[in-house]
Every structure is written in C-alpha cells, then in structure tokens.
Amino acid sequence: MATVVGAVALLVPGSALAAPKKFTSGVTAGEITDHSAIIWGRTTQERLVKAQVATDGAFQNVVKQRILQASDGNNDTVQTKFDGLNPNATYHYRFCLRGGSICSSLGTFRTAPRPSASKTIRFAYSGDETGYKQPGASDPFWGNFKAFGSMVAEHNNFNIDFGDTIYSDPEVPGAPTALTVAQKWSYYRQKLAVQNMQRIRSATGLYNHWDDHEFINDFSIPENGRQLYNRGVKAFRDYEPVTFSDQSGIYRSFRWGKNLQVFFLDERSFRSAKASANHTCDNPQTGQPDLAPTAPKSTRNLFSTVVPSLSQPVSQACKNKINDPNRTFLGKPQLNQFLYDVEHSTAKWKVVMNETPIQQFYALPYDRWEGYAYERIKLLNALQNANIDHLAFLTTDTHAGLANVVRERTLSGDVAPSNAPATTPSDTPYQDFVIGPVATKPFWQEIDDTTGTSGSGQLISNAFFKPPPPNGMGMSCAQGGENSYAEVTVTSGTLTVEYKDENGNILLDSDGSTPCGPYVLTN
C-alpha cells in the first residue's frame with residue numbers, strides 16, 4: 001500500500017507536451033451529456049495515470065482529476081467518466097504520468113446544452129473504416145480516413161463514428177481475420193495510428209457505435225456464437241468509450257438541448273439469425289444466398305440479363321423465414337424501450353442512429369431491417385400510430401450515399417410480411433439517410449465483385465435505385481462509389497442533412513453531376 005501511495009503522490013499536473021514513447025493512440029471523449037463525459041487514453045505499458053479535465057488549454061483551472069491504472073488486461077487503455085460538468089461549456093482534457101512533465105496529447109469537448117435551451121446543433125456522422133496496411137505499405141489499403149479530417153474542419157458540436165470502427169475481416173487481400181481479443185486490439189491500434197482518426201477523436205466529443213465487423217461480417221450471436229460476441233465487446237469497449245450493459249447492449253440516447261435527441265439502436269446484440277442461415281435462401285444456380293429474394297418476379301426477370309441467377313425461383317422456405325413474425329432484429333425489450341423513449345421525448349427532432357438501412361431496396365436484404373421484415377413493419381407502424389413526428393433515421397453500413405423516404409412497401413408483387421399494407425408504394429413520414437464509407441470497399445465495387453461484371457453497381461443505381469416506383473426505388477441519392485460523410489444541422493424549425501465527399505465537397509449522385517441534397521426537413 002505504501003508503494004502505491006508514494007507513486008500517486010508523485011503525480012501532479014504539469015506540461016501538456018506530447019510524449020510519443022509514453023502515450024500512444026491519441027485521446028478521445030465520448031458519451032457527452034449536459035453534465036458528463038467519458039475521457040479515454042492509452043499508454044505504452046502498465047502505469048498509474050492522472051486524468052485531468054480543465055476549463056482552459058493551459059490546465060491552470062483543473063476542475064476534475066482522477067488516478068487511473070493502465071493494465072495489460074485492457075491493452076493499457078484508460079477511461080473514466082466525469083460528472084458534475086456545466087452544460088454548454090468547453091472543456092480540455094489530458095492524461096499525465098508522474099512529475100507532470102510527461103502528458104498525452106490534448107483533447108477538447110463541449111457539453112450538451114440543457115434540455116430547455118433552444119440551440120442550433122451541428123454534427124457529422126460516417127463510419128466503416130479499416131486502418132489495415134499491407135506488409136511494406138506506408139498507408140492503409142483503403143486510404144487515410146480523409147472524411148474524418150473533413151469532419152474536423154466543420155467545427156461541430158460533436159461527431160459520430162457509426163459502426164465498423166474496425167474490420168476484423170479487413171477486405172484486404174491476404175489480411176488475417178481478427179478473432180481473438182488481442183487480434184482485435186491490434187486492429188484498433190492500427191486504425192488509431194492514422195492521424196485523421198486521432199484528429200476526429202480529440203477535436204470534439206465523439207460518439208462511437210459498433211455494427212458487424214467489430215465481430216465479423218454480418219454477425220449475429222445465433223450464427224457466430226457468444227464467445228466471439230464477448231471478445232468483440234471486450235476489444236470495442238477497451239478502445240471506444242461507450243456505455244454498455246448485458247441487458248441493453250449499447251442502446252442509449254442523448255439529449256442536445258430543446259431541439260435534438262439522438263437515439264442509438266443496438267442491432268447486433270439481440271437479433272435472430274439471418275434468414276439466409278443454414279443455406280435456407282441459397283440460389284440453386286450459385287449455391288449462395290439469393291441476391292434479391294423479396295423482389296417482384298418482374299424485377300428479377302428484368303435484371304436476370306445482368307445477373308442470370310435471378311431467373312431462378314426463390315424457395316418458399318426463404319420467403320417464410322424473412323417474413324417470420326417470431327424473428328427479431330432489436331429484441332423485444334430494446335424495441336419496447338426505444339418506442340417508449342421516443343414517444344416520451346420532448347425534443348423537437350428525434351434522430352435515430354440506425355446501424356443498417358431501414359429504407360427498402362430489395363438487394364441482399366438479409367443483414368439489414370428488410371431481412372427482418374415483420375419487425376420492420378411493426379416498428380414503422382408503432383411510430384406512426386403513436387404520431388411520432390420530426391423523426392429521421394441516420395444510417396451507415398452500406399458503403400454508399402443513399403437517401404430515400406422509408407416505405408413500408410415499395411413495389412407490387414414483392415414478397416411482403418403479413419402485417420405489410422396491401423397498397424404500394426406505402427410511404428411513411430420518415431426519411432433514411434445512408435452515408436459512408438470512410439475507408440473500405442465502396443458499394444459499387446462490392447456489387448461488381450458479386451456479379452463478376454464491372455459497372456454493375458452503377459448500373460443498378462441508375463436503372464433501379466433512382467427511378468421512382470413502380471419502376472424503381474425513387475432514391476434522391478444513390479451514389480455508391482465515393483468515400484463520404486453527412487453534415488447535420490438541427491434548429492427548432494429544420495433538420496438539414498448535407499451529403500459530402502471525403503474532401504468536404506457536395507457529394508454528386510450516381511450520374512456524376514447532380515448534387516445529393518442538401519435535404520431539409522421542416523415542421
């Protein structure tokens with residue numbers, strides 16, 4: 001005990017100079033509220049570390065501090081939650097070793113306004129990034145996260161790194177798959193070596209969220225096992241300061257003044273197995289899951305010239321599985337909690353951070369809302385029956401900029417669950433804004449790889465995603481070839497979503513010339 005006390009006594013505030021040999025991976029602050037934040041850092045070995053929060057960048061007015069232990073069990077990461085902060089205030093933070101002359105780099109965050117304060121709030125979101133470098137390469141295979149650098153330049157109240165914060169399976173030739181905690185830690189360290197990643201994490205508060213690749217592609221516990229889930233949770237929580245519980249997963253919400261409440265849905269922890277599990281939806285020609293099992297026969301026939309397997313029939317067992325009312329995407333407790341929370345929210349705008357698209361587009365539906373068709377309709381009906389207005393879904397996952405109204409059903413003759421409306425198209429009052437990626441394989445390239453034909457992805461966007469029903473999906477944006485992010489501005493009267501490429505310029509649609517947005521939702 002005397003040794004520990006003596007070591008702690010040597011820890012005093014000091015210089016903010018960075019010391020690369022002692023602190024690595026930068027710093028970040030997450031889970032920002034009007035009175036609290038979690039701050040995070042990492043050392044090079046097991047150490048006692050002092051976490052400090054101050055109202056000034058020189059740390060003359062330290063308002064919170066605490067001694068933490070960096071340990072091998074957490075890969076020498078440290079994080080702690082500080083309460084009792086003032087609303088709508090800027091804070092600076094750092095981590096220091098004994099003597100105070102060795103400190104981490106600095107981070108800054110701004111707390112949320114009080115729920116009664118009518119403030120304009122700006123934030124950006126994107127996701128899907130891997131920092132994997134091929135042996136001998138100087139840069140990550142999929143780029144240096146330029147979108148995050150552009151998000152920093154927006155000077156937002158906060159930002160969101162939304163899903164696939166690492167790729168356990170990096171979509172890079174020859175890259176090993178990370179299945180153990182140590183292997184996943186390694187991939188987090190690799191991405192945090194990218195300067196734009198460190199910049200977005202330290203520039204202002206950053207909310208983090210998982211999707212599937214923190215575990216493995218298209219992950220579900222019934223298919224991939226609880227052991228892999230636990231390992232993914234462990235590595236994620238060590239590197240991303242996020243609130244978690246066994247009962248709620250990472251479902252949570254945050255209030256930003258009178259005008260905004262942000263809800264984060266956990267779409268991995270409680271879902272049923274995908275309908276495609278156990279080869280239920282395999283196409284007889286390819287032996288792989290059918291590419292569009294719920295699309296109308298006429299649509300399948302139209303695109304069979306590009307994808308011959310679409311001329312094959314879809315098994316009734318596959319259709320039944322997709323529409324099964326006993327399958328769940330969120331799990332009943334989370335679904336009910338979200339509906340209760342959003343119905344009782346007094347914020348003007350309700351923004352739902354949604355891991356996978358809820359808009360309908362039929363192609364490979366298994367891993368997203370469309371593959372859990374009954375619960376998708378159940379959720380949309382519940383929101384409308386409760387008269388929930390001023391609500392929008394913000395989504396990543398698909399590696400594309402897709403913007404559309406959320407329809408319960410889009411095309412007649414499709415495969416729909418028993419609770420779906422008979423009429424088509426059946427619009428809801430809600431929009432789904434899908435954006436990204438930051439740095440991984442873009443959507444069009446994924447489609448080209450799947451079909452084996454170059455240009456198939458862009459063809460599908462122009463021929464099917466863009467035309468309005470009954471000839472297509474009617475997307476206002478269907479750009480699948482660019483790294484991107486979205487900038488969101490919320491006032492009492494409007495919610496504006498601006499789609500931008502990784503350089504901060506207006507994102508252009510699939511025709512290469514028409515701007516995507518900006519999209520303005522009003523009262």
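The values are calculated or read from the model by the stated rules, or taken from the named source; none is laboratory data. Keep in mind it's a predicted model, so treat the numbers as computed, not measured. Virtual Cβ from ideal backbone geometry, glycine too; neighbours counted across all protein chains shown.
Here's a check for you: in segment 457-488, which residue that is among the hydroxyl-bearing types (Ser, Thr, Tyr) and over 18 Å from the mean Cα position of the chain (by Cα) is farthest from residue 447 (Cα to Cα)? Break it down into steps so the answer makes sense when it comes.
Step one: of segment 457-488, the residues among the hydroxyl-bearing types (Ser, Thr, Tyr) are 461, 476, 484-485.
Subset that is over 18 Å from the mean Cα position of the chain (by Cα): 461, 476.
Details: 461: 10, 476: 20 Å.
That would be 476.
Residues that are closer than 14 Å to residue 184 by Cα and not small (Gly, Ala, Ser) within segment 223-252 comprise 227, 228, 229, 230, 231, 233, 234, 236, 237, 238, 239, 240, listed in sequence order.
When segment 264-289 is filtered for residues that are surrounded by 20 or more Cβ atoms within 10 Å (Cβ to Cβ) and over 17 Å from residue 372 (Cβ atoms), the ones remaining, listed by number, are 264, 283. Only strands (runs of 3 or more DSSP E) whose full extent lies in segment 35-140 are considered here, and the ones with at least 2 residues that are within 30 Å of residue 399 (Cβ to Cβ) are 37-42, 77-82, 107-110, 121-126.
So is residue 124 in contact (Cβ under 8 Å) with a residue 12 or more places away in the chain, small (Gly, Ala, Ser) and closer than 17 Å to residue 440 by Cβ or not? Spell out how you get there, then give the answer.
Numbers: in contact (Cβ under 8 Å) with a residue 12 or more places away in the chain: yes; small (Gly, Ala, Ser): yes; closer than 17 Å to residue 440 by Cβ: no.
The answer is no for residue 124.
For residue 222, are the conditions met, namely being surrounded by fewer than 23 Cβ atoms within 10 Å (Cβ to Cβ), out of contact with any strand residue (DSSP E or B) (no Cβ under 7 Å at 6 or more places or on another chain) and outside any helix (DSSP H, G or I)? So residue 222 fails the test.
Considering only residues that are assigned to a helix (DSSP H, G or I), hydroxyl-bearing (Ser, Thr, Tyr) and touching a residue at least 12 places away in the same chain (Cβ under 8 Å), which ones fall in segment 184-210?
Just the residues of segment 184-210 that are assigned to a helix (DSSP H, G or I), to begin with: 184-192, 195-203.
Of the ones still in play, those that are also hydroxyl-bearing (Ser, Thr, Tyr) are 186-188, 202.
Passing the criteria: 187, 188, 202.
Restricting to segment 383-431, count the residues that are in a helix (DSSP H, G or I) and touching a Ser or Thr at 6+ places or on another chain (Cβ under 7 Å).
Our first condition is that a residue be in a helix (DSSP H, G or I); within segment 383-431, this holds for 383-385.
Now restrict to residues that are touching a Ser or Thr at 6+ places or on another chain (Cβ under 7 Å): 384.
Number satisfying all stated conditions: 1.
Summed over segment 385-434, residues that are farther than 22 Å from residue 342 by Cβ, in contact (Cβ under 8 Å) with a residue 60 or more places away in the chain, of a type in the set (A, V, I, L, M, F, W, C) and out of contact with any Lys or Arg (no Cβ under 7 Å at 6 or more places or on another chain) total 3. Inspection of segment 350-362 identifies at least one residue that is of a type outside the set (S, T, N, Q), part of a loop (DSSP other than H, G, I, E, B), touching a His at 6+ places or on another chain (Cβ under 8 Å) and crowded, with 20+ Cβ neighbours inside 10 Å. Being buried (at least 19 other Cβ atoms within 10 Å of the Cβ) and out of contact with any Asp or Glu (no Cβ under 9 Å at 6 or more places or on another chain) is true of residue 433. Of all the residues in segment 246-278, those that are out of contact with any strand residue (DSSP E or B) (no Cβ under 8 Å at 6 or more places or on another chain) and either touching a residue at least 60 places away in the same chain (Cβ under 8 Å) or not in a loop (DSSP other than H, G, I, E, B) (or both) number 10. Condition first: more than 23 Å from residue 214 (Cβ to Cβ) and hydrophobic (A, V, I, L, M, F, W, C). Can you find one or more residues in segment 115-127 that meet it? Scanning segment 115-127, I find at least one residue that is more than 23 Å from residue 214 (Cβ to Cβ) and hydrophobic (A, V, I, L, M, F, W, C), so the answer is yes. Within segment 290-307, the residues that satisfy the criterion of being modelled with pLDDT under 95 and surrounded by fewer than 20 Cβ atoms within 10 Å (Cβ to Cβ) are 302, 304, 305, 306.
Here are some residues: 231, 300. Which one is part of a helix (DSSP H, G or I), in the same structural domain as residue 177 (by TED's automatic domain parsing) and closer than 28 Å to residue 418 by Cβ?
Details: 231 fails: closer than 28 Å to residue 418 by Cβ.
Every option except 300 fails the conditions.
Looking across segment 99-135 at every residue that is on the phi > 0 side of the Ramachandran plot and surrounded by fewer than 24 Cβ atoms within 10 Å (Cβ to Cβ), the one that is modelled with the highest pLDDT is identified as 100.
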